[in-house]
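What follows is a single structure, written as structure tokens, with notes after it.
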Amino acid sequence: QVQLVESGGGLVQAGGSLRLSCAASGITFSHNTAGWYRQAPGNQRELVATNSSGGLPSYGDSVKGRFTISRDNAKNTVYLQLNSLKPEDTAVYYCRANSIFNVYWGQGTQVTVSS
């Protein structure tokens, strides 16, 4: 079974940084596309970043230049570095993995940015 487990969320002040991790089992990130999405209360889930295996990363407009997606294939883990955080970045952040057949989601990790 595929399982994605996010960690690293928390409460930070505006301008601070966090690093989120997504550890996968049952699917290999080196052979599949990984990504991060986020959802704030009352909002739609939106794209934060994606990183296909062997491809270039892409970012949502609101986070471009501040967030960085990366992966460690040996650990089968994808990371999201969040810098220069703003209160509007407050949301639950979800890890996503794509295979040819399915899309898989993690349970989410809460990021809260105070003013």
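The values are calculated or read from the model by the stated rules, or taken from the named source; none is laboratory data. What you are looking at is a predicted structure, and each value in this text was computed from that prediction instead of being measured. Note that each Cβ is placed from the backbone with ideal geometry, even for glycine, and that neighbours are counted across all protein chains shown. Please note that ligands, DNA and RNA were not included when accessible areas were found on the heavy atoms of the full protein model with its side chains. Shrake-Rupley method; radii C 1.70, N 1.55, O 1.52, S 1.80 Å.
Values for this structure:
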| quantity | calculated |
| --- | --- |
| Under the Karplus curve 6.51 cos²θ - 1.76 cosθ + 1.60, θ = phi - 60°, whole-Hz ³J(HN,Hα) for segment 6-16, x wherever Gly or Pro sits | 8, 8, x, x, x, 9, 9, 7, 3, x, x |
| Spin-label zone in segment 36-75 - amide nitrogen under 17 Å from a point set 7 Å from the Cα of Ser25 along the C-beta vector | 75 |
| Sulfur and carbon atoms: percent of accessible area, the chain [1.4 Å] | 48 |
| Built amide H within the under 5 Å cut-off of Thr33, gap 5+ | Ser53, Asn98 |
| Karplus (6.51, -1.76, 1.60) ³J(HN,Hα), θ = phi - 60°, over segment 22-29, in Hz, Gly and Pro reported as x | 10, 9, 10, 9, x, 8, 9, 5 |
| Stretchable slack from Gln3 to Ser84, in nm (0.36 nm times residue separation minus alpha-carbon distance) | 26.2 nm |
| Formal net charge of residues neighbouring Ile69 (Cβ-Cβ distance under 14 Å; K, R +1; D, E -1) | +4 |
| Most mobile of Val92, Val12, Val103 in a GNM of the chain (Cα contacts under 10 Å) | Val103 |
| Mean shadow area of segment 57-115, taken as a quarter of the surface of its Cα convex hull (nm²) | 5.0 |
| Candidates Pro41, Pro87, Pro57, ranked by Gaussian network fluctuation over the chain, Cα under 10 Å, top entry | Pro41 |
| HN-Hα J in Hz across segment 76-89 - Karplus 6.51, -1.76, 1.60, θ = phi - 60°, x for Gly and Pro | 6, 9, 10, 10, 9, 8, 10, 10, 6, 5, 10, x, 6, 7 |
